[in-house]
Amino acid sequence: GPLAAGWTHALVLGRSTEDLDTPVYLSKFGSARNTLDWTVSKALDEHNDLDVGLNFAQEDGYSHEFFAGGFDHSRHNAALFASWRGRFGQQSWAASLRHDDNSQFGGATTGSLAWGWQAATDWRLRASLANAFRAPDFNELYYPGFEIGPGMALFAGNPLLDPERSATAEAGLDWTPQARTRVGLSLYRTR
């Protein structure tokens, strides 16, 4: 809703939980995630919009395994972000920047740049560059899996995983011959 003259905001609180109790194997696994997202938006003028915000997540996870031991971990992630969207004539653009501080994996700064040009009524060119960071979740790190033999488990987590980092470049062409039909061609590379 409205925050001040020309400013709006959105506040979202979330909680998710997971509990897996398997008495026949004497195992318990659970996790909880609490999140807060706050975004403040402003139309700077008729051509430019700005969003700034913060994101906070607190995660707790545990596992109690009779045969394999277990774990009990907590971590948090705090992030600040900003994005700018603009349009002028037949061109539009967007730029974003985000910094995450993860208590388990450290800090990471990511961002994106995108540009589009409405070359004709039904033709649009577009291009973008972006990078990303994603920390493994507790399941990917610690899930106990299913023991099939001494020291061998299926679907088990790996506590040695590193965060995923990626960089993507994309270029595309869209054709919109009528209001309900769009055909697009994209060339992209993600590493």
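The values are calculated or read from the model by the stated rules, or taken from the named source; none is laboratory data. On a predicted model such as this, the values are computed, not experimentally measured, just so you know. Ideal geometry is used to build each Cβ from the backbone, glycine not excepted, and the neighbour counts take in all protein chains shown. The protein model used for the area step is the full one, side chains on, heavy atoms only, and it has no ligands, DNA or RNA in it. Shrake-Rupley method; radii C 1.70, N 1.55, O 1.52, S 1.80 Å.
Here the condition is being surrounded by 15 or more Cβ atoms within 10 Å (Cβ to Cβ) and within 29 Å of the chain's Cα centre (by Cα); of GLY184, GLY157, it holds for GLY157 alone.
Please work out if GLY14 is at pLDDT 85 or above, out of contact with any Pro (no Cβ under 9 Å at 6 or more places or on another chain), over 23 Å from ASP100 (Cα atoms) and not charged (D, E, K, R).
Numbers: at pLDDT 85 or above: yes; out of contact with any Pro (no Cβ under 9 Å at 6 or more places or on another chain): yes; over 23 Å from ASP100 (Cα atoms): no; not charged (D, E, K, R): yes.
Criteria not met by GLY14.
Being closer than 30 Å to PHE138 by Cα and open to solvent by less than 90 Å² (accessible area, probe 1.4 Å) is the filter here, so list the residues in region 4-19 that pass it. Those that are closer than 30 Å to PHE138 by Cα and open to solvent by less than 90 Å² (accessible area, probe 1.4 Å): ALA10, VAL12, GLY14, SER16, THR17, GLU18. Taking the conditions (1) touching a Pro at 6+ places or on another chain (Cβ under 7 Å); (2) free of Cβ contacts under 8 Å to residues at least 24 places away in the same chain; (3) under 29 Å from SER83 (Cβ atoms) in turn, ARG189 satisfies each one other than (1).
Filter region 48-81 for residues that are surrounded by 16 or more Cβ atoms within 10 Å (Cβ to Cβ) and touching a His at 6+ places or on another chain (Cβ under 6 Å) and give the result. If the condition is that a residue be surrounded by 16 or more Cβ atoms within 10 Å (Cβ to Cβ) and touching a His at 6+ places or on another chain (Cβ under 6 Å), then GLN58, GLY61 are the ones that fit.
Given the options GLY116, GLY107, name the one that is open to solvent by less than 50 Å² (accessible area, probe 1.4 Å) and either modelled with pLDDT under 95 or closer than 30 Å to ASP60 by Cα (or both).
Values: GLY116 fails: either modelled with pLDDT under 95 or closer than 30 Å to ASP60 by Cα (or both).
Answer to the check: GLY107.
Which of the residues spanning region 73-109 are of a type in the set (Ser, Thr, Tyr) and over 30 Å from VAL183 (Cα atoms)? Within region 73-109, SER74, SER103, THR109 qualify. Take the conditions assigned to a strand (DSSP E or B), closer than 26 Å to HIS47 by Cα, open to solvent by 70 Å² or more (accessible area, probe 1.4 Å) and without any contact (Cβ under 8 Å) to a residue 24 or more places away in the chain and apply them to LEU97. Does it pass? Taking the combined requirement at face value, the residue satisfies it. Kindly provide the set of residues from region 20-35 that are over 20 Å from the mean Cα position of the chain (by Cα) and open to solvent by less than 40 Å² (accessible area, probe 1.4 Å), ordered by number. Listed by number, the residues that qualify are THR22, SER27, PHE29, GLY30.
The residue that is modelled with the lowest pLDDT, among those in region 39-74 that are closer than 22 Å to ASN139 by Cβ and within 17 Å of the chain's Cα centre (by Cα), is GLU59. Restricting the first member to region 36-47 and to residues that are surrounded by 14 or more Cβ atoms within 10 Å (Cβ to Cβ), and the second to residues that are of a type in the set (Ser, Thr, Tyr), the beta-carbon pairs closer than 7 Å and six or more apart or on different chains are SER41/THR8.
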